[in-house]
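Values quoted throughout were computed directly from the atomic coordinates according to the rules given, and no laboratory measurement underlies them. Computed from a predicted structure; not experimentally measured. Neighbour counts run over all protein chains shown; Cβ positions are idealised from the backbone, glycine included.
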Amino acid sequence: MTKLPFHTPDLTNKNYAALAALFPNAVTETIDENGTVIRAIDADVLTQEINTHVVSGKEERYQFTWPDKKKAVLLANSPVSATLRPCREESVNFDNTGNLYIEGDNLDVLKLLRETYLSRVKMIYIDPPYNTGNDFIYEDDFSDDTSEFRIRDNQYNDDGNRMVRNTDSNGRFHTDWLNMIYPRLRIARDLLANDGIIYISIANKEIDNMKKMCDEVFGAINYIGIIDWESKTKCQNTETAKRQLQNKQEYILVYKKQSGRYEFILETTEQRAYPEHDEKGIFRYEQIGEMSASGIRGRTTMTFPILDTLPKEGNQWKYGKDTIEEYKNRGDLVKINDRVFFKIRENDEEDKMLPYWSFIPKEIGTAETAKSELKDIIGEHGFETVKPVELIRKLIFHTSRTTDNDIILDFFSGSATTAHAVMQLNAKDGGKRKFIMVQIPEVCDKDSEAAKAGYKNICEIGKERIRRAGRKIVNESPLDRAELDIGFRVLKLDSSNMKDVYYTPQETVSASGELEIDLDGFINNIKPGRTPEDLLFQVMLDLGILLSSKIEERKIGDITVFSVADNYLLACFDRMTDEIITEIAKNRPYYAVFRDSSFYDDATLVNFEQIFKTYSPSTIRKVL
């Protein structure tokens, strides 16, 4: 029986271990700026081992860099000892939904999701801050562990939101924005399935930097293209603005996870009508067309009589003799009023595939129509950069299949347009797609329309939009209500459920050198106020179990046992007895998790292993 770590893996250690395993002679030590001996890789030795040219030092090379980029890389790889706590009262259909709405800084949330959703996400859509010089709430502190929940340099407001103004006059204007985006994209790539796609909305101010960054993170070879979306129909109407170059469009960068040919799913033309009927079934008439016989497409062989009819002088038929003969032999060639027609039947023609253009016109929706669309659902909201549902629905349609349980992730969720689009598309084509929305609970300005409408933060707007949109979709859809998943589990980022002593039990020596042992801390290593369901979700994260998995509460006497994913995991955080352990073991779960302090007595702890060896020896046992 082993102990759960309850923190995300340190990828720096993992990468170092992999390199050390391949080239152990390149492993060395050095001294950092504080005089501490640290591990290192000898670049000279590594160069000799791989037998090629390795660029190091200040030698010139093609690269995209900015201040603190190295720290941004470390930030993406550093572990976090946080958790996600369920909030049933704000959820919809908590027990049966496959959708998630997660509140919290998306960097820490993405780190928590990384192991569980590694290579599982079919599509990511994000609409990150455009770096316009407004309040910038994703200013990551590189000097402290991101798992610490504390005020740093008075950069947080009373509600815990970090607010740093990133103005054009700031010498780090681009740097701050790049350092915010870069680690999030690094983790996003890990989450993408091998056949996954990421769409990134961006304006012209940072599009060049975003593309260079994506070329590095996803690989330039995996760049698919840029979609131009006609986002505006109204120009700035001042005399000065009219004389300047104005943008009517925004851009969507498209990258795939892996190199190789990628084929999008295409829409088909509307189904044709077949109004005529004969002894062979339904059909439609199509006149045999003509075209000019001059020019490079002119063919003398295309000028011949069809049912004693010739094309007009200077013209030729559009179809050759073989096609005409085929229709004639089956009796589907007719002459009406000196014109010749095919009888076209359903099995004669394939649905015409519409191309996936890199330009999306205003007819699909603009920023202005999107704001009205959101207002119709939730009332006054104060959002200025809303995307239309139909735009996101189109991206999802071309990327995910109806028959698959594809996961769609948006970690700059905003007003939850992506969730709305997923539900709407599922209602239209019967798909089973699931969404994961991530949004920091940015406080609504007290003078904003949203605050006046009673919304405290952006998350409240997003959740209410999903609730109302879901009800509207169900009422309007021809599908059975049971077939549509319009629910979502609300999870909120918080510090770990475990006390510090859980992670550092060895640090019990005071400054004076005396041994300090907090017996209560060892006996009860869980923070006050944390529920069994809180513990369950942290266990699920640690074991890599999808957070949308079905959860059942079972009773063995008066003891509660959680069954996750049909007995894949059985967890019990109450007092244990031999009888309860035996009952759990008989269910033969893949994982069984208990609290270290839950065993009734020493005898129960001694019998624990024997009981599982008897009834379920393959079960992996964990304690917290």
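Okay, here's what the table says:
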item: Euclidean distance between Cα centres, the stretch 420-443 to the stretch 587-622, Å; result: 40 Å
item: Relative contact order, percent, the stretch 531-623 [alpha-carbon distance under 8 Å, six or more residues apart]; result: 22 percent
item: Radius of gyration and Dmax over the Cα atoms of the stretch 289-345, both given in Å; result: 11.5, 34
item: Cβ-based exposure ranking for L409, L11, in which fewest neighbours within 10 Å come first; result: L11, L409
item: Value at 222 nm in deg cm²/dmol, rounded to 500, when DSSP H runs of n ≥ 4 in the chain each add -39,500 (n - 2.57); result: -8500 deg cm²/dmol
item: Ascending count of other beta-carbon atoms within 10 Å, so fewest first, for S119, S201, S81; result: S119, S81, S201
item: Calculated FRET efficiency for the pair I265/R339, C-beta based, R₀ 41 Å, to 0.05; result: 0.55
item: Ranked E476, E286, criterion: other C-beta atoms within 10 Å, fewest first; result: E476, E286
item: Paired Rg and Dmax values of the stretch 531-623, which use every Cα atom, in angstrom; result: 12.2, 37
item: Nonlocal amide H pairs with V490, under 5 Å, H built at 1.01 Å; result: C87, S91, V92, Y101
item: P(r) of the chain over all Cα-Cα pairs, binned every 20 Å from zero, in whole percent; result: 15, 41, 29, 12, 3, 0
item: Rounded Å value of the spacing that divides the Cα centres of the stretch 230-273 and the stretch 94-128; result: 26 Å
item: Sites K205 and D447, calculated FRET efficiency, Cβ-Cβ separation with R0 22 Å, nearest 0.05; result: 0.25
